[in-house]
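Participant: This structure is in structure tokens; I'll ask about it shortly.
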Protein chains: 2
Amino acid sequence: MNRSQASNGALQSVLDRLAREEPRALERLFRLLAIPSVSTDPAYHQSCLDAAECCAGLLRDTGFEARVVPTRGKPMVVGHWRGAPPAKPRRRVLFYGHYDVQPPEPFEEWIAPPFDPRFVDDPHHGTVIVARGASDDKGQMMTFIEAARAWRDEHGTLPLDVSVLIEGEEESGSPSLGPFLAAHGAELKSDLALVCDTAQWDADTPAITAFLRGLAFSEITVSGPSRDLHSGVYGGPALNPLRVLADILAALHDGEGRVAIPGFYDDIRAPSPAELAGWRTLGFDDASFLGSVGLSKPAGEKGFGVLEQLWSRPTAEINGIVGGYGGPGTKTVIPAQATAKLSFRLVPGQDPRKILSCFHRFVADLLPADAKVSYAHEAGSQAVGFDTGAPPFLAAARALEAEWGKAPAIVGCGASIPIVESFRSRLGMDSLLIGFALDDDRIHAPNEKYNLRSFTKGARSWARILAELGAIDDVVRT
Amino acid sequence: MNRSQASNGALQSVLDRLAREEPRALERLFRLLAIPSVSTDPAYHQSCLDAAECCAGLLRDTGFEARVVPTRGKPMVVGHWRGAPPAKPRRRVLFYGHYDVQPPEPFEEWIAPPFDPRFVDDPHHGTVIVARGASDDKGQMMTFIEAARAWRDEHGTLPLDVSVLIEGEEESGSPSLGPFLAAHGAELKSDLALVCDTAQWDADTPAITAFLRGLAFSEITVSGPSRDLHSGVYGGPALNPLRVLADILAALHDGEGRVAIPGFYDDIRAPSPAELAGWRTLGFDDASFLGSVGLSKPAGEKGFGVLEQLWSRPTAEINGIVGGYGGPGTKTVIPAQATAKLSFRLVPGQDPRKILSCFHRFVADLLPADAKVSYAHEAGSQAVGFDTGAPPFLAAARALEAEWGKAPAIVGCGASIPIVESFRSRLGMDSLLIGFALDDDRIHAPNEKYNLRSFTKGARSWARILAELGAIDDVVRT
């Protein structure tokens, strides 16, 4: 019996255990989903603390040394698997997840309370788990923790050394992450990060994400009159901040759908011809992607396909506007100020700080007399791309192919995962981005769901990836 | 002793009684101010009913036959003074007021709870009454009712026949008013309406308002994707309704500050050279008007002065925008829809229905593929102007000059009072627009106030106006 056959036997008993123990695993997931850990809204602060403690408890219960580490924002959860000292140095991976979730609003569109998780029969996907965070990221995170638990319960050890970092501010720009990595970098630095916050290519095709857009946030507030004004008594001569704001927002794009901020495209690096060719082999269906959300025509930059727009073109999006009267009925008011929340998706070459500076100059040039502007919640992360020929990347691809019966798609992702950029820039550590979400999981929207099958096969996939990564013999320590 | 001397003696004892009884009058006003009768928000519906009953009680207590009449919205309060049958036909006036108020939001900017009225020492105005509705319109309305009460208490009768109509939807477009006037027109039609919902020229100069802008409301909702989308997963190719809305709102005006909706200015009648000349004699101070609300430059149509913009030029104003995430922090969402509340101020010649049609066509021409639009809360009223040489107008001017020691300013008003247009179009009845509010009363804004002096001299002014109107001998009944 060679090592690979031994591994296979060891793996199979882990997979069997996952199947037997799944009811308990789902109970653990539901307990976590019931905690309304919305990081962006201070009203949920205590729930974020509760979610952190819950995660630490789950890790301890799995044999990790785990602790909750306070930050200036939401606490971090850190866990380490420390087996017996191995005969030779073992590869160490750092698994990353986040226990915080997006705000659940609008409540009235949920078919069940967002923090009362339940099984729902879905016509396309069979049983699905409906709850805020079911997919992003509590469900995804638990696929890994359950895989580790099954390895430990079955064999008393894991195939390689594993540390875990679970943060609580991923949905609100991760303000505490930089300082935390600076302070705890030596403890956390590993050979590779495993990040489970991405989607499959489709319900039957796993994916490894090798490219991620970056992100820059800005909340802009335009002020005019010193107080709210009656639109009859003052309307005409009085400056209306909502009108100034609309003028700024409308000027963000030109008639071709390009962002009109001077300097915005200056430094971008386009994907290589080979990358573009790879994307074309994926058979992406523009019409069905748009049709699934009620749209029919790509609304982005003219001259670029949908996949190219998503994976390689930057954007400027308005995420929210608040100003004047928003209640039922009418109110004839000219508000003293108006606010918009913006986010810019970035591609390789763009520096978030420079993009925000360009935006500020652009706004300054548009401001009329008596209008003042201020900015809040500004934060950002650069876009990233990975080496798809590295041994851990190839090992993970083998594991996924064994579970799913087909090779994973090597894809980009339009969304940002700031942690990935931080791991690279602060710890010099690459990430393997593997997740089992589906595009129709309704993350960030009402009725977020995670397929039961995603949970089951996600945990099995991680059990296999742990085995494959443990079997790589090329450990290089610097 | 001639009739005029008798009237003067009768009037003086009424004025003396108003002075003696003022503490009780203020108690009655505070009772009414404590009722949060916000008509535009269904959450306050019961309070609107309470305010109607309170008004009816105040009228009965003053000797009126009064009743609360249900409508499909907020009820109307109707009262009639019926003295002994006079020797000859008496002039009848219909006093109009409204018991509903604007929403109090934002609460956090109030120095005291908006429905807990209190006296506050103001550096400019001495004692002021701070509460939502203190000026608009509960305080103003009570100046008239207290004047009538003093006449009745002092002389057992009023100088002329008086009916009262108090509505509860003035701040939300008066949807029930038209049907109500159609059903009760015969009961309400009088020789003249008295409307107390306007301001003085300044703290020492009373005013009669002879010109009012009209108003057209629209709430526009732009829809795009079938659900809220993640701005990373969909951003670029997905249509963002907030961006479509911003484009529409920014297109409402051209670079000269003119409304860019085709047809908007087609039918307007400019003020006469004599009217414009009269306005110029008022010595209006543009810089101080704007400076009092933190502004320095007129933001309206180029080529028109501030007073001309306010009294004779139409506007398109954004009163509120709601779309996407509006809570604390950030949320990377592309919302399924976005809404703006708009109001158009109209001048003579403009038809609200035609203006809204022009707006709808304008929007339709701007809509990109996949964007849908819907409208709500559409309502409107035409602008109005009155004959400043009619005997009741001149009688009221004499009464005001007697109280204030100077002739009233004959002014326009940028705000709309739909009832005035309805009285003219439905009942063929002109209105005398006299009010004692001041431009700095912060109506529709936090910390609305009414000067105690406005209340005191307002009631005295109405006592005098009732006397002067009663003394006119030219009663013409049709």
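Read-outs: derived from the displayed coordinates by stated rules, not from any lab. Remember, it's a predicted structure, so these values are computed and weren't measured experimentally. Methodologically, a virtual Cβ is constructed for each residue, glycine included, from the backbone with ideal geometry; neighbour enumeration extends over all protein chains shown.
Participant: With θ set to phi - 60° and the Karplus curve 6.51 cos²θ - 1.76 cosθ + 1.60, what are the ³J(HN,Hα) couplings of region A:434-449 in order, to the nearest whole Hz, using x for Gly and Pro?
Facilitator: 10, x, 10, 5, 10, 4, 9, 6, 6, 5, 6, 10, x, 6, 3, 9
Participant: Related question: Taking the alpha-carbon distance from A:LYS406 and a cut-off under 21 Å, which lysines remain once sequence neighbours fewer than 8 residues away in the same chain are dropped?
Facilitator: List returned: A:LYS457.
Participant: Between copies, how far apart are the B:ASP266 label points? List them in nm, one decimal, shortest first, with each point 7 Å from Cα toward Cβ, please?
Facilitator: Nearest to farthest, the other copies are at 4.9 nm.
Participant: Taking 2.2 N^0.38 Å as the expected size of a compact globular protein, what ratio does the Cα radius of gyration of the protein assembly as shown give against it, to two decimals?
Facilitator: 1.16
Participant: Note down the magnitude of the dipole of chain B about its Cα centre, charges +1 on Lys and Arg C-beta and -1 on Asp and Glu C-beta and zero elsewhere, to the nearest 20 debye. Show your work: numbers first, answer last.
Facilitator: Working: 48 positive and 60 negative charges, 185 e Å.
Approximately 880 debye in magnitude.
Participant: Can you sort B:TRP404, A:TRP201, A:TRP462 from fewest to most other Cβ atoms within 10 Å of each residue's own Cβ?
Facilitator: Numbers: B:TRP404 17, A:TRP201 20, A:TRP462 27.
In order of increasing Cβ crowding within 10 Å: B:TRP404, A:TRP201, A:TRP462.
Participant: Enter the per residue convex hull volume of region B:119-240, computed from alpha-carbon coordinates, in Å³ rounded to the nearest integer.
Facilitator: 260 Å³
Participant: Between A and B, which A residue has the Cβ nearest their rotation axis, distance in Å?
Facilitator: Closest to the rotation axis on chain A: A:ALA250, 2.
Participant: Using the scaling law 2.2 N^0.38 Å as the reference, what is the normalised Cα Rg of region B:189-244?
Facilitator: On the way: Rg = 24.5 Å, N = 56, 2.2 N^0.38 = 10.2 Å.
Rg over 2.2 N^0.38 Å, computed on Cα atoms: 2.41.
Participant: When a/c is below 1.5 the answer is rounded, else prolate if a/b is larger than b/c, else oblate, so apply that to region A:97-149 with a ≥ b ≥ c taken from the square roots of the Cα gyration tensor eigenvalues.
Facilitator: Here region A:97-149 falls in the oblate category.
Participant: Can you list residues from other chains, or at least 5 along the same chain, whose modelled amide H is less than 5 Å from the amide H of B:SER231?
Facilitator: B:VAL333, B:ILE334
Participant: Which of rounded, prolate or oblate describes region A:391-440 when judged by the alpha-carbon gyration tensor and an a/c cut-off of 1.5?
Facilitator: Verdict is oblate for region A:391-440.
Participant: I would also like to ask the following. Please compute the contact order of chain B in relative form: average sequence separation of alpha-carbon pairs under 8 Å and at least six residues apart, divided by the residue count, as a percent.
Facilitator: Once divided by the residue count of chain B, the mean separation gives 25 percent.
Participant: I would also like to ask the following. Using θ = phi - 60° and the Karplus form 6.51 cos²θ - 1.76 cosθ + 1.60, what ³J(HN,Hα) does each residue of region A:192-197 get, whole Hz, x for Gly and Pro?
Facilitator: With the stated coefficients, region A:192-197 comes to 6, 9, 10, 10, 10, 9 Hz.
Participant: For B:THR71, list long-range residues whose amide hydrogen, built 1.01 Å from N in the peptide plane, is under 5 Å from its own amide hydrogen.
Facilitator: B:MET76
Participant: Using modelled backbone amide H atoms (1.01 Å from N, in-plane), which distant-in-sequence or interchain residues come within less than 5 Å of B:ALA299's amide H?
Facilitator: A:ALA238, A:LEU239
Participant: Output the pairs from B:LYS302/B:LYS354; A:LYS302/A:LYS354; A:LYS74/B:LYS331; A:LYS372/B:LYS331 with a Cα-Cα distance over 20 Å in this structure; if there are none, say none.
Facilitator: Where the Cα-Cα span goes over 20 Å, the pairs concerned are B:LYS302/B:LYS354; A:LYS302/A:LYS354; A:LYS372/B:LYS331.
Participant: How big is region A:62-173 by the Kirkwood estimate over distinct Cα pairs, in Å? Intermediate values should be presented prior to the final figure.
Facilitator: Numbers: mean 1/r = 0.0615 Å⁻¹.
Hydrodynamic radius (Kirkwood, Cα pairs) of region A:62-173 is 16.3 Å.
Participant: To continue, here is another question. How would you rank A:GLU187, A:GLU301, B:GLU171, going from fewest to most other Cβ atoms within 10 Å of each one's own Cβ?
Facilitator: The most exposed by this proxy come first: A:GLU187, A:GLU301, B:GLU171.
Participant: Calculate the mean, over all residues of peptide A:184-193, of how many other protein chain Cβ atoms lie within 10 angstrom of the residue's Cβ.
Facilitator: Mean number of neighbouring Cβ atoms from other chains: 0.
Participant: Then there's this: Please report how far the C-alpha centroid of region B:214-277 lies from that of region A:181-209, rounded to the nearest whole angstrom.
Facilitator: If we compute the Cα centre of each part, the gap is 45 Å.
Participant: While we're here: Within a 10 angstrom radius of the beta carbon, how do B:PHE393, B:PHE455 rank from fewest other beta carbons to most?
Facilitator: B:PHE393, B:PHE455
Participant: What is the pair-distance distribution P(r) of region A:287-340, computed from all Cα-Cα distances in 10 Å bins starting at 0, with each bin given as a whole percent?
Facilitator: Percent of Cα pairs in each bin: 19, 30, 21, 25, 6.
Participant: Name the aspartates and glutamates eligible as straight-distance cross-link partners of B:LYS341: C-alpha to C-alpha under 14 Å, and not fewer than 8 places from it in the same chain.
Facilitator: Within reach: B:GLU219, B:GLU317, B:GLU378.
Participant: To continue, here is another question. Any idea what diffusion coefficient region A:191-338 gets from Stokes-Einstein, in µm²/s, Kirkwood Rh on alpha carbon pairs, 37 °C, 0.692 mPa s?
Facilitator: After rounding, the answer is 169 µm²/s.
Participant: Over the whole of B:433-446, what's the average partner chain Cβ count within 10 Å per residue? Rounded to a whole number, please. Can you show the working numbers first?
Facilitator: Values: counts 0, 0, 0, 0, 1, 0, 3, 0, 2, 4, 4, 11, 9, 3.
Mean inter-chain Cβ contacts per residue within 10 Å come to 3.
Participant: Next up: Please report the antiparallel percentage of DSSP beta bridges with both residues in chain A, rounded to the nearest 5.
Facilitator: On the way: 51 of 72 bridges.
Given both bridge residues lie in chain A, the antiparallel proportion sits at roughly 70 percent.
Participant: Measure nothing fancy, just the Cα-based angle from helix A:177-188's long axis to the longest principal axis of chain A, in degrees from 0 to 90, nearest 10.
Facilitator: 10 degrees
Participant: Ordered shortest first, which distances in nm separate the 7 Å Cα→C-beta label point of B:SER13 from those of the other copies?
Facilitator: Output for B:SER13: 11.2 nm, nearest copy listed first.
Participant: Is there a quick way to get the dipole size of region B:250-301? I mean about its Cα centre, with the Cβ of Lys and Arg at +1 and of Asp and Glu at -1; what is the value in debye to the nearest 20? Write out the running numbers ahead of the final one.
Facilitator: Values: 4 positive and 8 negative charges, 25 e Å.
The dipole of region B:250-301 has a size of about 120 debye.
Participant: I need two numbers for chain B: Rg to one decimal and Dmax as a whole number, Cα atoms only, in Å.
Facilitator: For chain B, the Cα-based Rg and Dmax read 23.7, 90 Å.
Participant: Enter the mean number of other protein chain beta carbons within 10 Å of the beta carbon of each residue in B:242-253, as an integer.
Facilitator: Partner-chain Cβ atoms within 10 Å, mean over residues of B:242-253: 6.
Participant: Here is a further query. Could you give the C-alpha radius of gyration of region B:65-127 expressed as a fraction of 2.2 N^0.38 Å, taking N as the number of residues it contains?
Facilitator: Relative to the 2.2 N^0.38 Å estimate, region B:65-127 comes out at 1.83.
Participant: If you take the square roots of the eigenvalues of the alpha-carbon gyration tensor of region B:1-140 and sort them as a ≥ b ≥ c, do you get rounded (a/c under 1.5), prolate (a/b over b/c) or oblate?
Facilitator: Cα axes put region B:1-140 in the oblate bin.
Participant: For region A:246-330, just list the percent of Cα-Cα distances falling in each 10 Å bin from zero outward, please.
Facilitator: 13, 35, 32, 15, 4, 1
Participant: Can I ask one more? List the distances, in nm and shortest first, from the label point of B:PRO106 to the matching label points in every other copy, placing each point 7 Å from Cα along the Cα-to-Cβ direction.
Facilitator: Label-point separations across copies, in nm and ascending: 2.3.
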